[in-house]
C-alpha cells in the first residue's frame, strides 16, 4: 500500500467509507491512470475494477475524452442550468440520451453530479408528483437489503447496508427494506423462484 509520511488523521480530508482504524494507516494515494489501470505514488499498478467509482467505464486517459474535455474547458468551463438557462452541450447530451429510450415522449433528462444526488432528486420528484396529483400520503420507498444507492441522507437511507445506517440515525422512516434476493442465503427448500415482482 502506498503511504505518505503523515497519517490520514494529519490531513485535511475526510474520506467516505474509511473506517476509524484506517486513520492509523497511510492512505493509498492514486497518482495517474492508463486505460483500466491506475498507479499509486510509488508506481505500483492496480487494475481499476471499480471503474473509478462506477463512473469511468472508458478508463483513464481516453484520448477522445481528453480532447472533448480540453475543448469544452477552453470554451465554457462551467455554467449552470438554473432559472431557465443552460448550455448547448447539456441540451445535446439530453437529446442523445432521450433518443436511446423507447418511451422518449414521456422522458426528460435531469443532470446531477453523482448517483447519490440523482437518487435524492428522484425521491423529491416522486414526492412532488404525488403531491401535485393530490396524493400527499404517498411517501414510502421500498429498497433491497444489501443494496447500495449512495451516501447522502436519502441515498444512504435507501441503501440496505447497516454500516451506512449505524450511528447516523438512518434509515429515514419513509424507507422500507426487503430481503436481498440471494438464492444461496435465502432460498426456501423446494421453492424455485421464477420472478421477483414489485407492484406500486
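A few points about this structure:
- The smallest convex shape that holds all Cα atoms of region 115-186, its convex hull, gives 92 Å³ per residue.
- Sites residue 55 and residue 135, calculated FRET efficiency, Cβ-Cβ separation with R0 45 Å, nearest 0.05: 0.85
- Packing, taken as the mean count of other beta carbons within 10 Å per residue, orders the peptides 158-166, 130-138 from highest to lowest as 158-166, 130-138.
- Counting neighbouring beta carbons within 10 Å and listing from fewest to most, the residues 184, 54 come out as 184, 54.
- Here the Kirkwood formula puts the hydrodynamic radius of region 65-191 at 18.0 Å, using every distinct Cα pair.
- Sorting 13, 25 from the fewest to the most surrounding beta carbons within 10 angstrom yields 13, 25.
- Averaging the Cα positions of each part gives two centres, and for region 14-52 and region 120-155 these lie 33 Å apart.
Computed from the coordinates by the stated procedures, all read-outs in this text should not be read as laboratory data. If you're wondering where the values come from, they're calculated on a predicted model, not measured in any experiment. Cβ: placed from backbone, ideal geometry, glycine included. Neighbour counts: every protein chain shown.
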